[in-house]
Amino acid sequence: MPLPSQVLVTATQLGAELQAARKVKGLTQSALAERIGLSQSRVSHLELNAHELSVEQLLAWCAALGLELALAPRGSDDLPSGNPPEW
């Protein structure tokens, strides 16, 4: 069962969601680590300290878990498809 979309405003929330997504996919930390080129201990650390994730690591992590990263103004509904936001 896929995870619903989540609005995240803290790194702690991000780490928890990445961990939940990994578990939904049935991946161990070791299996995920192999997919994204990190050690198991680093995956464990980053799940608890997501503020230390680089953008490159976050995008690789999302790709490995079949997630997409979307940005939107706070409090907005989903943005119309194909239209860039007016920040």
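So the values come out like this:
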item	result
GluC sites (Glu not before Pro) lying in DSSP loop within segment 1-69, provided at most 16 other Cβ fall within 10 Å	E68
Three-way shape call for segment 1-61 based on the alpha-carbon gyration tensor, with the a/c threshold at 1.5	oblate
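Read-outs throughout are calculated quantities, based only on the coordinates presented, and are distinct from any laboratory measurement. Model, not experiment: these values are computed from the prediction. With ideal geometry, Cβ positions are generated from the backbone for all residues, glycine too; neighbour counts draw on all protein chains shown.
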